[in-house]
1. Aspartates and glutamates near Lys49 by alpha-carbon distance under 13 Å, same-chain residues fewer than 8 away left out - which ones?
2. So in region 40-219, what percent of DSSP beta bridges are antiparallel if you round to the nearest 5?
3. How do 156-163, 198-205, 126-133 rank on mean C-beta neighbours within 10 Å, highest first?
4. Along the positive direction of the dipole of region 40-219 (beta-carbon charges: Lys, Arg +1; Asp, Glu -1; about the Cα centre), which of Phe196, Tyr174, Leu99 reaches farthest?
5. Longer than 28 Å from Cα to Cα, which of Lys39/Lys95; Lys95/Lys116; Lys89/Lys134; Lys68/Lys146; Lys101/Lys216 are they? Say none if no pair is.
6. Of His158, His80, Ile46, which is farthest on the positive side of the dipole of region 40-219, counting Cα position, with +1 on Lys and Arg Cβ, -1 on Asp and Glu Cβ, and the Cα centre as origin?
7. Please compute the contact order of region 40-219 in relative form: average sequence separation of alpha-carbon pairs under 8 Å and at least six residues apart, divided by the residue count, as a percent.
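Coordinate-derived values only; no laboratory data. All values derive from a computational prediction rather than experimental measurement. Because the Cβ atoms are built from the backbone with ideal geometry, glycine has one as well, and the counts that use them run over all protein chains shown.
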Amino acid sequence: MIRKALFALMGLLLCFGVANLQAQTSRPASWLPKIEFQKLPQFSKITEKKAQEMYTYLSNQPCFPINKIIPSEHCVARAHAMWGLLHQKKIYSEKIWALPKKDCPEKKKRIWIKYKGKKYAWCNHVAIVVHTEKGRRVIDPASGPKAVTVAQWKKNIHLQDDVFKVRFLPGYRYCNPLERQKHFETKATPFANCPFRDDAFEKTKSELILQREEAKLETPQLAKACQ
């Protein structure tokens, strides 16, 4: 009798385990899972070749396809997604911010790029920085075709040193205090609501949805894949 009861219990536990495993495996894994850390790891030093490989990798993400989107906004979300994707590969990066020294300057003094023949001007910009054996390299697919030095990045975005300043901040910083000041608040980009951190990538993913919708790229399949 006892033996039968034990076999029955083992059968129930086995069924529960299989059902639980099926439930876990049926849930789609997030392409950008939450990052949890007590202490920020030291920056990784990678080779120049690896930096270029990461540029290619980050330039070809289906959730923010840089060759199809409109780069006029959402650089904050793109940079944060890139930080998370590099973190998954155990490459610990930082961010480079181009911020005006005063208020958002007049149009002719703003940073700008030409993308697919059209000019886009910004009051501020952010990109990912990796550390290589030869120094920092900026990964910014919106402004150039490869990972570049900081000096070259400034040229690529036509940064005027008398108008803008460059700041390096940890990659986990979604927005920074300077960027959230009053002169950055606009109807298009309400930075007052921009979080200091976004370790779970909730804000990041919602901004990338908007970016894909603006470019008329969003589909049910893509929305599911980019959860």
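1. Glu133
2. 90
3. With the highest mean Cβ count within 10 Å placed first, the list reads 126-133, 198-205, 156-163.
4. Most positive-ward Cα: Leu99.
5. Check vs 28 Å cut-off fails for Lys101/Lys216.
6. The residue sitting farthest along the positive end of the dipole is His158.
7. Relative contact order here is 29 percent.
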